[in-house]
């Protein structure tokens, strides 16, 4: 095993499984995806640390535990079509690509989107497509989605994302202020939307038409 593989095994054992993530498919995906390759070389030594890491443009790659938790909450099945809002480095999209049939991921910074698509293509992911645009508006051309994951903090759930969620679908999103949010889980059924909440988190703001304004 390489040093990175040893670190990745330790990350999964201590930070993910060790904190109560039990979904075997999620744990295996996090063992498989080389997280360090999604980081700029100058910060690659922090790839498997228990913390978020800056990736440029004021954006971060989320703490490994938060990636694991949100992915487990999303409950992705192999036949699902998934929308990932806030591509960033592409790491979360890669995890979803291991679990789902089709992943659309959207990023507002063209340079991050292009770099992520390059990484994902080089790694052989043929079921992930990166789009450039306003994540608060989702990606209508790929809708409806069985699952939607949002990796940025919204003041409230954007209506476009709810509209693009298929019946029986699930949306996981951090909602709150710019400085503190709660992970919310929205399930769509025949009666409409059912909401539940999980832990407090801190994410970069979801900027766009139905999110926060750019500072």
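Worth a mention:
A quick yes/no check of all residues on (1) crowded, with 20+ Cβ neighbours inside 10 Å; (2) without any contact (Cβ under 8 Å) to a residue 24 or more places away in the chain:
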site: 170; (1), (2): yes, no
site: 174; (1), (2): yes, no
site: 179; (1), (2): no, yes
site: 193; (1), (2): no, no
site: 203; (1), (2): yes, no
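- Taking each residue of the range 119-143 that is in contact (Cβ under 8 Å) with a residue 60 or more places away in the chain and at negative phi and looking for partners that are assigned to a strand (DSSP E or B) and crowded, with 19+ Cβ neighbours inside 10 Å with beta-carbon atoms closer than 6 Å, six or more apart or interchain, yields 135/85; 135/106; 142/104.
- Scanning the range 37-59 for residues that are surrounded by fewer than 18 Cβ atoms within 10 Å (Cβ to Cβ) and over 20 Å from residue 18 (Cβ atoms) yields 37, 40, 41, 42, 43, 44, 45, 54, 56, 57, 58.
- Conditions (1) closer than 17 Å to residue 98 by Cβ; (2) touching a helix residue (DSSP H, G or I) at 6+ places or on another chain (Cβ under 6 Å); (3) in a helix (DSSP H, G or I); number of the one not met by residue 21: (3)
- Residue identified as buried (at least 18 other Cβ atoms within 10 Å of the Cβ) and under 23 Å from residue 9 (Cβ atoms) among 106, 95, 128: 95
- Those residues of the range 76-87 which are in contact with a strand residue (DSSP E or B) (Cβ under 6 Å, 6 or more places away or on another chain) and either closer than 20 Å to residue 160 by Cβ or surrounded by fewer than 24 Cβ atoms within 10 Å (Cβ to Cβ) (or both), in sequence order: 80, 81, 82, 83, 84, 85, 87
So that you can scan it fast, the table gives a plain yes or no per residue for (1) free of Cβ contacts under 8 Å to residues at least 12 places away in the same chain; (2) under 16 Å from the mean Cα position of the chain (by Cα):
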{"position": "7", "(1), (2)": "no, no"}
{"position": "17", "(1), (2)": "yes, no"}
{"position": "20", "(1), (2)": "yes, no"}
{"position": "31", "(1), (2)": "no, no"}
{"position": "50", "(1), (2)": "no, no"}
{"position": "55", "(1), (2)": "no, yes"}
{"position": "69", "(1), (2)": "no, yes"}
{"position": "76", "(1), (2)": "no, yes"}
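- Meets criteria (crowded, with 20+ Cβ neighbours inside 10 Å and within 23 Å of residue 24 (Cα to Cα)) for residue 117: no
- Restricted to helices (runs of 4 or more DSSP H) entirely inside the range 31-146, those with at least 1 residues that are farther than 22 Å from residue 174 by Cα, in contact with a helix residue (DSSP H, G or I) (Cβ under 9 Å, 6 or more places away or on another chain) and modelled with pLDDT of 95 or more are 91-99, 110-122.
The values are calculated or read from the model by the stated rules, or taken from the named source; none is laboratory data. This structure is a prediction, so every number in the text was calculated from the model and none was measured. We place every Cβ from the backbone using ideal geometry, glycine too, and count neighbours over all the protein chains shown.
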